[in-house]
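Enquirer: One structure, as structure tokens, below. Some questions next.
The values are calculated or read from the model by the stated rules, or taken from the named source; none is laboratory data. Predicted model only: the values in this text are computed from it and were never measured. Positions of Cβ are generated from backbone atoms using ideal geometry, with glycine treated the same way; all protein chains shown enter the neighbour counts. We work out accessible area using only protein heavy atoms, side chains counted, and drop any ligands, DNA or RNA first. Shrake-Rupley method; radii C 1.70, N 1.55, O 1.52, S 1.80 Å.
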Amino acid sequence: MSALPDLICPAGSLPALKAAVDNGADAVYLGFKNDTNARNFAGLNFDQKNMAEGIRYAHAKGCEVLLAINTFPQAGRVGDWQKAVDAAVDLGVDAIILADVGLLDYAARRHPQQRLHLSVQGSATSYEAINFAQREFNVRRAVLPRVLTLAQVEHVIKNTTVEIEVFGFGSLCVMNEGRCWLSSYACGESPNTVGACSPAKYVKWDKKPGAMETRLNGILIDRFGDDEPAGYPTLCKGRFEVQGETYYALEEPTSLNVVSILPEIIKIGVKAIKVEGRQRSPAYVTQVTRTLRAALDSLAAGSERFHVKPAWQAELAKVSEGSQATLGAYNRPWR
Amino acid sequence: MDSKFTIPKFQLPGFLASLVGKLPQWPHSLALVAGLNAALKMNLLPVDELAALEDKLFRVRVLDTGGEASYTYRNGLFRPVFTPTREPDLAFAANLSAYLQLLARQEDPDTLFFNRELEITGDTELGLIVKNMLDAVEWPKFPGRLPLIHH
Ligand code: SF4
């Protein structure tokens, strides 16, 4: 029986961080209040003072702190990203999560003692890519993009000594981590450039009789009937007319949920399971952390008697985008 | 708040709703505004984000009671607006239970939004600022210490 994977939970604010720590996260991940991280939303994230307080709180309770600097430095402003790396080291975070190769190089040279993780935004899907990052930048862990099947994840793990982290719960990106420009197509800004997909200033929710319309920079993305669940206003989750049919042509508004395959995930040697959602409130962090903690703990003694409690799934479905969940690529027949 | 204490999702029975609907509009606004100003006094709200609220008009509509309250933020204070003369910059609509669940940090606004229990219209970015600002507030553990109650 392999050891239980670490549970890595999101923190967009100090109360969310405390909720994660108090409900059983092994590590929290967070970002600075600027475009060096991919959840750069107004009012979200940490200034240096809050970050220091959060780190103190987490460390006092034996919880690790991982800092995401996971966007790509913009032309002429590389220094801002390097300064963020220096600040993270000064603050004493347990690891920095990086995506950009230049920044990985900077961090590895300037701060050789600092533990580095390869972000999902780095889009490394093969063990060759991961081993390269290990050789060149001494990366100790890689977060896998949500495109691999379980068998492919296992194949990666067998061929690398880098720790592997996978997504366990949360909203799905259309699976093009680090490469998606759909948002720029609609409004000129994308997660990898400004740190936000579909920035709020371009989003308009329009209440019409019997329906709600979502527009991104004027482009109609979806229309929800009064009893239809809603999703985030991203292009990938829009309903479009394709060859005379209107449907979710790219991705359904839904959340990933791996609870039902936790025994397999543990068996293949996954080191850490990540929960998406730094943009969500402390209530979400509490609910998801608590539920996944309970599911993982029930596996501590072995997986023979593991069964998925309906209460876990109900709690997770409730907080899911579009109120539904999927196993995503993990069990996809096609690759 | 005791974490064991949960607010069920409920809808006010019709007769009660019609009763509450007959109450004048101002008690809602005043309670809301007093709470927000109490948070201001304790320096719980971040200055940067507050600047984005200056002179914006907010409307909170409680669907099952039929009540609604409008307020604005000006010169460092939240103020009720009893007779709004224009459309709000940001409007919320939900049943009372949803608001209570939000205030108790029992549900997350995105969850309520996905489930269509919370409606947000108007300036979406302003909505996000308000949401993230309230999420980041570290409410005191003992409600007895709220200046609201002392003063
Ligand atoms: S459009 Fe969809 S897939 Fe692309 S970055 Fe945004 S959420 Fe991710």
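Enquirer: How many times 2.2 N^0.38 Å is the alpha carbon radius of gyration of chain A?
Expert: 0.97
Enquirer: In sequence order, what are the phi-derived ³J(HN,Hα) couplings for segment A:7-22 according to the Karplus relation 6.51 cos²θ - 1.76 cosθ + 1.60 with θ = phi - 60°, rounded to whole Hz, with x for glycine and proline?
Expert: 9, 9, 10, x, 9, x, 7, 4, x, 5, 4, 5, 4, 5, 4, 5
Enquirer: By how many nm would the segment from B:GLU87 to B:VAL47 grow when fully extended, if each residue of separation counts as 0.36 nm and the alpha-carbon distance is taken off?
Expert: Roughly 11.8 nm would be gained on extension.
Enquirer: Ignore the peptide's own chain and count Cβ atoms of other chains within 10 Å of each Cβ in B:120-132; give me the average, rounded.
Expert: Working: counts 3, 5, 2, 4, 11, 8, 3, 4, 10, 5, 2, 8, 9.
Mean shielding by partner chains, rounded to a whole number: 6.
Enquirer: What part of the accessible area of segment A:197-248, given as a whole %, is carbon or sulfur when the probe is 1.4 angstrom? Don't skip to the answer; put the middle values down first.
Expert: Working: 1310 of 2670 Å².
Roughly 49 percent of what the probe reaches on segment A:197-248 is carbon or sulfur.
Enquirer: Ranked highest first by the average count of other Cβ atoms within 10 Å around their residues, in what order do A:61-71, B:94-104 fall?
Expert: Per-residue mean Cβ counts within 10 Å order the peptides as A:61-71, B:94-104.
Enquirer: I would also like to ask the following. Does any residue of segment A:298-326 lose at least 40 Å² of accessible area with all protein chains in place compared with its chain alone, and if so which ones (probe 1.4 Å)?
Expert: Going by heavy-atom accessible area, the residues of segment A:298-326 that drop by at least 40 Å² are A:LYS318.
Enquirer: Still on this structure, I have one more. Among A:ASP222, A:ASP80, what's the order by accessible area (1.4 angstrom probe), most exposed first?
Expert: Accessible-area ranking of A:ASP222, A:ASP80, largest first: A:ASP80, A:ASP222.
Enquirer: Now for a separate question. Let me confirm one metric for peptide B:38-51, namely the mean number of other chain beta-carbon atoms within 10 Å of its residues' beta-carbons. Please list the in-between numbers first.
Expert: Working: counts 0, 0, 0, 0, 0, 0, 0, 0, 4, 0, 4, 2, 0, 0.
Other-chain Cβ atoms within 10 Å of each residue's Cβ, averaged: 1.
Enquirer: Apply the Karplus curve 6.51 cos²θ - 1.76 cosθ + 1.60, θ = phi - 60°, to the phi angles in segment A:114-121 and return the couplings in whole Hz, x for Gly and Pro.
Expert: In residue order, the calculated couplings are 6, 6, 10, 10, 8, 5, 4, 5 Hz.
Enquirer: Something else: Could you sort A:HIS117, A:HIS59, A:HIS155 by accessible area so the largest value comes first, with the probe set to 1.4 Å?
Expert: A:HIS155, A:HIS59, A:HIS117
Enquirer: Right, another one. Given a 1.4 angstrom probe, what's the average accessible area per residue across segment A:197-248, in square angstrom?
Expert: Solvent-accessible surface per residue comes out at 51 Å².
Enquirer: Specify the residue with the greatest mean-square fluctuation among A:ALA294, A:ALA25, A:ALA325, computed from a Gaussian network of chain A linking alpha-carbon atoms under 10 Å apart.
Expert: The residue with the greatest mean-square fluctuation here is A:ALA294.
Enquirer: In nm, give the distance between the simple-model label positions of A:ARG135 and A:VAL101, each being 7 Å from the Cα along the Cα-to-Cβ direction.
Expert: 1.3
Enquirer: Further question: Would you work out which of A:LEU327, A:ALA19, A:VAL242 lies farthest towards the positive end of the dipole of chain A? Charges go on Cβ: Lys and Arg +1, Asp and Glu -1.
Expert: Comparing the listed Cα positions along the dipole, A:ALA19 ranks first.
Enquirer: In square angstrom and rounded to 100, what buried accessible area do you get between chains B and A, total over both, with the probe at 1.4 Å? Could you put the intermediate results ahead of the total?
Expert: Values: alone 9700 and 14790 Å², together 21830 Å².
The contact between A and B buries close to 2700 Å².
Enquirer: Relative contact order for chain A: what percent, with Cα pairs under 8 Å and sequence separation of 6 or more?
Expert: Result for chain A is 21 percent.
Enquirer: Here are some pairs, A:LYS33/A:LYS207; B:LYS41/B:LYS131; A:LYS237/B:LYS56; A:LYS158/A:LYS267; which of them have Cα atoms lying more than 23 Å apart in this structure?
Expert: Cα-Cα > 23 Å for A:LYS33/A:LYS207; A:LYS237/B:LYS56; rest within.
Enquirer: Now for a separate question. With θ taken as phi - 60° and the coefficients 6.51, -1.76 and 1.60, list the Karplus ³J(HN,Hα) couplings across segment A:319-331 in order, rounded to whole Hz; mark glycine and proline as x.
Expert: Computed from phi, the couplings for segment A:319-331 are 8, 6, 5, x, 6, 9, 10, 8, 8, x, 6, 3, 10 Hz.
Enquirer: Okay, next question. Enter the mean number of other protein chain beta carbons within 10 Å of the beta carbon of each residue in A:278-288, as an integer.
Expert: If you average over the peptide's residues, the count of other-chain Cβ atoms is 6.
Enquirer: Carbon-plus-sulfur fraction of the accessible area of segment B:14-136, 1.4 Å probe, in percent? Each step should come with its number before you reach the end.
Expert: Working: 3470 of 5650 Å².
Carbon plus sulfur share of accessible area: 61 percent.
Enquirer: Just give the residues from segment A:182-204 buried by at least 10 square angstrom of accessible area in the all-chains context relative to the isolated chain, probe 1.4 Å, and say none if nothing qualifies.
Expert: A:ALA200, A:LYS201, A:VAL203, A:LYS204
Enquirer: Would you please give the residues with an amide H less than 5 Å from that of B:ARG74, counting only those at least 5 places away or on a separate chain, with H modeled from the backbone geometry?
Expert: For B:ARG74, whose amide H was placed from the backbone, the distant partners under 5 Å are B:ASP55, B:ARG79.
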